[in-house]
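Since the structure comes first, as structure tokens, the remarks are kept for the end.
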Amino acid sequence: MGALTLRDLVDTYDAEVIAADLRLDRVKQVVGRVKSDKVQALSLDANDKKALKTAAKDVDVVINDAWYEMNIKIMPVAIEAGAHYTDLGGFYDYSFEQLKYNKKAKDAGVTCVLGIGSSPGITNVCGAAGARKLDSVETISIYCTWGTKAETASAAFPAYSVRTVLDELTQNPPIVSGGKHMRMPVLSGETEVMMPEPAGKVVAYYIKHSEPATMAEYIGKGTKNVSFRIGFPANDFATFRTLAQLGFASEDPVETGGARISPKDFITAMYLKAVASSRESNDVVDEYDYFRIDVIGKKDGLPATITYYVRTWNDRQTGIPSGRDTAVPPSITANWLATGKIKERGTLPPEACIEPEPFFKELGKRKILVDEEVQSAATYYQK
């Protein structure tokens, strides 16, 4: 994700960027591909507060594309450094911890946009856009799926962190129901939903995600229910569920061959190695990421539903994968923060500070397509 965000910052905004990673060789390889003399490669351990603060000094925006566990370490340092901040989401629990820094961010005159990837991120902005068109909101239902056109028995790489996928399959998903935050059993809430072709009818389950942490409160308009479901492709679902059942979501170290490593760190290292190898492959497989956001409520006293479909394909011309729908929103948001287009200050979710239609148009320039569908009722008589 960091590599794709960097590419968009350079290609679209000709930005000056410090690209930091734990491994200097990896970040140098990424920087070499973007071919800009305005990008500096830096070796940085984000656990090192002093080094992080030094790196953040005099920058406009800190973009955090690291694991969600790092958010609560990186964001406070960005605030101390007087820099705006974005990340890819706090996986629900961390979101509440980050929101506690609202006053500190306001006092520092900075904005921290929490969870501005595809989901959370684009999904939150879609929820806000739909709510603007309704007088009141009852329910916001979010669905996600991905896949390829190719017929294959192999599982695909998740379009986001494998660590997050494993956590999604082992931690109880939160929802908002009747205005109350509650936890549901893992993989409960099974439902069928129609997604754009070629996905078609998808079986989706509640999954732990950040959207229910903020959307009801920040969107308002009486929103009582918020949920997030994923429709895993069958092969992927079987693979990830097996990995979860084998304990690869565990952070408890295991000793083997004279070394100690947690299963989660091991599978992460294997995943990163496999992704790096796939980037060097010349094989092009059409892959997609799809989201559906249903905003259900009332307009002029009658039932109405605003549905958003978000579609992304890998770009054959540039070689950029469908996962850019997660990596591009931080680039857009960073530009808007640096240029003063986002004026609200504090720690805020996307639905509270990002203007939907200009944002959707920016996504469209990168072939991340947002379609809006309105279903409303009308009467031709007096009640």
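The values are calculated or read from the model by the stated rules, or taken from the named source; none is laboratory data. Computed from a prediction, not measured in an experiment: that's the story for all the values here. Using ideal geometry, Cβ is built from the backbone for each residue, glycine included, and neighbour counts are taken over all protein chains shown.
Going by the conditions given, is residue 164 closer than 22 Å to residue 372 by Cβ, of a type in the set (Ser, Thr, Tyr), part of a helix (DSSP H, G or I) and under 19 Å from the mean Cα position of the chain (by Cα)? In short, no.
Within this structure, residue 197 passes the test of being over 21 Å from residue 239 (Cβ atoms), modelled with pLDDT under 95 and surrounded by fewer than 21 Cβ atoms within 10 Å (Cβ to Cβ). Just so you know, in the stretch 174-222 the residues that are acidic (Asp, Glu) and within 26 Å of residue 148 (Cβ to Cβ) include one that is nearest to the chain's Cα centre (by Cα), and it is 211. Yes or no: the stretch 321-339 includes at least one residue that is loosely packed, with under 12 Cβ neighbours inside 10 Å and not in a strand (DSSP E or B). Among the residues of the stretch 321-339, at least one is loosely packed, with under 12 Cβ neighbours inside 10 Å and not in a strand (DSSP E or B), which makes the answer yes. Listed by position, the helices (runs of 4 or more DSSP H) enclosed by the stretch 67-119 that each have at least 3 residues that are under 25 Å from residue 359 (Cβ atoms) and touching a helix residue (DSSP H, G or I) at 6+ places or on another chain (Cβ under 8 Å) are 71-80, 93-99. Only one entry of 30, 10, 62 meets the criterion of being within 23 Å of residue 109 (Cβ to Cβ) and either in a helix (DSSP H, G or I) or touching a helix residue (DSSP H, G or I) at 6+ places or on another chain (Cβ under 9 Å) (or both), and that entry is 62.
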